[in-house]
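Comments concern the structure below.
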Amino acid sequence: MNARTWEVESRFHHYVRPTCRPDLTTFCTQLTGIIQEMVDSQSTLDEVLQKFDKWMENVGLTQITK
C-alpha cells in the first residue's frame, strides 16, 4: 500500500497445501470458506514462502534505504 495515496500497489496471494494435516476439517471450511479442492493442487508452505520472498524482491520491499 502506498502510504501517500492509500492505493494498493501490489498484492501477494497464494493458497498453501497443508502437509501435517492435509485434510481440511468442516470447522476450517466453515470458518474460512476454503474447501479441500482449493488447496489440494497448491504449493506447500516452503514453496509459497520462496514465492513470497521473490515477490518481495520484485516489488522492491527487500531493499534497504538510508
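A few notes on this one:
- Length-normalised contact order for the chain - Cα pairs under 8 Å, 6+ apart - percent: 32
- C-alpha long axis of helix 45-58 to longest principal axis of the chain, angle in °: 20
- Percent carbon-and-sulfur accessible area, the chain, ignoring ligands, DNA and RNA, probe 1.4 Å: 54
- Selection from H14, Q63, S43 lying farthest towards where the dipole of the chain points positive, charges on Cβ: Q63
- Potential lengthening of the chain between F12 and T62 amounts to 16.5 nm, from the contour at 0.36 nm per residue minus the alpha-carbon distance.
- Gap separating the Cα centres of segment 1-35 and segment 44-60, nearest whole Å: 15
- Less than 5 angstrom separates the built amide H of S43 from those of R17, all sequence-distant by 5 or more or on a different chain.
- Accessible surface of M56 - all protein chains present, 1.4 Å probe, nearest 10 Å²: 50
- Summed side-chain charge close to V16 - residues other than V16 whose Cβ falls under 15 Å, Lys, Arg +1, Asp, Glu -1: -3
- Spin-label proximity, A3 to segment 25-66 - amide N less than 16 Å from point 7 Å beyond Cα toward beta carbon: 60-66
- Among the GluC sites (Glu not before Pro) in the chain, those located in a DSSP loop and surrounded by at most 15 other Cβ atoms within 10 Å of their own Cβ are E7, E9.
- Given +1 at the Cβ of Lys and Arg, -1 at the Cβ of Asp and Glu and no other charges, the dipole of the chain around its Cα centre is 260 debye to the nearest 20.
- Taken over the Cα atoms of segment 1-65, the convex hull encloses 122 Å³ per residue.
The values are calculated or read from the model by the stated rules, or taken from the named source; none is laboratory data. Remember, predicted model here, so these are calculated numbers, not experimental data. Here Cβ is always computed from backbone atoms with ideal geometry, including for glycine, and neighbour counts include all displayed protein chains. With ligands, DNA and RNA removed, areas are computed over all heavy atoms of the protein, side chains included. Shrake-Rupley method; radii C 1.70, N 1.55, O 1.52, S 1.80 Å.
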